[in-house]
1. Give the residue that is least open to solvent (accessible area, probe 1.4 Å), with candidates limited to residues of the range 54-72 that are touching a Cys at 6+ places or on another chain (Cβ under 9 Å) and touching a residue at least 60 places away in the same chain (Cβ under 8 Å).
2. Any chance you could count how many residues in the range 273-293 are open to solvent by 10 Å² or more (accessible area, probe 1.4 Å) and assigned to a loop (DSSP other than H, G, I, E, B)?
3. Here's a check for you: in the range 39-53, which residue that is open to solvent by less than 30 Å² (accessible area, probe 1.4 Å) and within 12 Å of the chain's Cα centre (by Cα) is modelled with the highest pLDDT?
4. How many residues are over 29 Å from Asp211 (Cβ atoms), among the aliphatic types (A, V, I, L, M) and under 23 Å from the mean Cα position of the chain (by Cα) if we restrict to the range 252-303?
5. Within the range 186-232, count every residue that is within 30 Å of Gln323 (Cα to Cα), at pLDDT 95 or above and of a type in the set (A, V, I, L, M).
6. Cβ-Cβ below 7 Å, separation at least six or inter-chain, first residue in the range 218-233 and more than 15 Å from Tyr256 (Cβ to Cβ) and hydrophobic (A, V, I, L, M, F, W, C), second outside any helix (DSSP H, G or I) and modelled with pLDDT of 95 or more: which pairs?
7. Please go through (1) charged (D, E, K, R); (2) open to solvent by 40 Å² or more (accessible area, probe 1.4 Å); (3) under 22 Å from Gly44 (Cβ atoms) for Asp99 and return the number of the only condition it doesn't satisfy.
8. Looking at Gln243, Gln213, can you tell me which residue is within 20 Å of Cys52 (Cα to Cα), part of a strand (DSSP E or B) and among the polar types (S, T, N, Q)?
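The values are calculated or read from the model by the stated rules, or taken from the named source; none is laboratory data. Quick caveat: nothing in here was measured; it's all calculated off a predicted structure. In this analysis, Cβ positions are derived from the backbone assuming ideal geometry, glycine residues included, and neighbour counts consider all displayed protein chains. Quick note on the areas: whole protein, heavy atoms, side chains included, nothing else; ligands and nucleic acids left out. Shrake-Rupley method; radii C 1.70, N 1.55, O 1.52, S 1.80 Å.
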Amino acid sequence: MIVQPLTVLDHHHQELRNNGEDVIQGLSQTPKTLSPKYFYDDHGSQLFEKICELPEYYPTRIEAWILQQYADEIAEITRCCELIELGSGSSTKTQIILDAYQKITDFCRYLPIDVSGKILKTSVLELQEKYPDFAIHGLLGTYEQALFHLGSNYLQSRMLFFLGSSLGNFNAEGCDSFLDQVSRTLQPGDYFLLGVDLQKPKDILEAAYNDSQEVTADFNLNVLSHLNWRFQGNFDISLFRHQAIYNEVDNQMEMYLHCEKNHYVSLELLDLQVLFTNGESIMTEISRKFDLATMEKQLDKKGLKTLKSWTDEKGWFGLILCQVE
């Protein structure tokens, strides 16, 4: 077993270093915004794992079904390669992929990347027990840090994969920039496996983000607790209310925190004081819903040629396997 299961991509601090400039910018503008990356402290990551188990939250369940049907085919196409996962979380679905590679090779190298050190370390240690012949090492950092720090291929080729519906958290410009970075990081012959949530009826989408157990509400409100901890803030969580709505014009879910009383909030480490007025909102997340054919064309323009794509019988979720030309 590897004694040190993690590498911290930002060595200035054991937790991710963040100067908070994006928080200052987001809370100083109108309307106010926060990056969805602030959902993911250790508690936020645990809440998201609970969300993935909710009956209303279909993406995890359907993507897992697609992987169970086609992971063996993915392994046969890519053969023995280095596996790198962005936003690995507990790596639950990843085990479907690792099981497929275990059928075709005695050795595999898997690098899970996540911003939550606790959940990453736990998952790496559990995977090392389950796959003793595989080299498994976690990278603690953001997507951008991970793509920047990845060196040359350990094996002949690598497959970078980005599961779930996280690509939808980028706006159109951010998505374009992210795919540019993926294309620059990978070498000709490397693979990119991408999960995308597809367009579907509004009632299905809104139910997934407004679950009956209010776990998503707790997850959304946790962003304020995270800011309190990270930047010595004094957000009163009880003064905010969760809402998630579907924007049919832009084909995206939008998550908000609505202020219910006029008050000031201070973030001492950022030397920031913010006035919130009754009825004012903070947008904390967008989750864009894609058209599969359009996404394949966008990937192709980035030099990421689609080899094959799969979806469920309802066409609710898509999995795309690309190769760098």
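1. Selected residue: Pro59.
2. 5
3. Phe39
4. 2
5. 4
6. Leu227/Gly233; Leu227/Phe235; Leu227/Leu267; Phe231/Leu267
7. (3)
8. Working: Gln213 fails: part of a strand (DSSP E or B).
Exactly one of Gln243, Gln213 is within 20 Å of Cys52 (Cα to Cα), part of a strand (DSSP E or B) and among the polar types (S, T, N, Q), namely Gln243.
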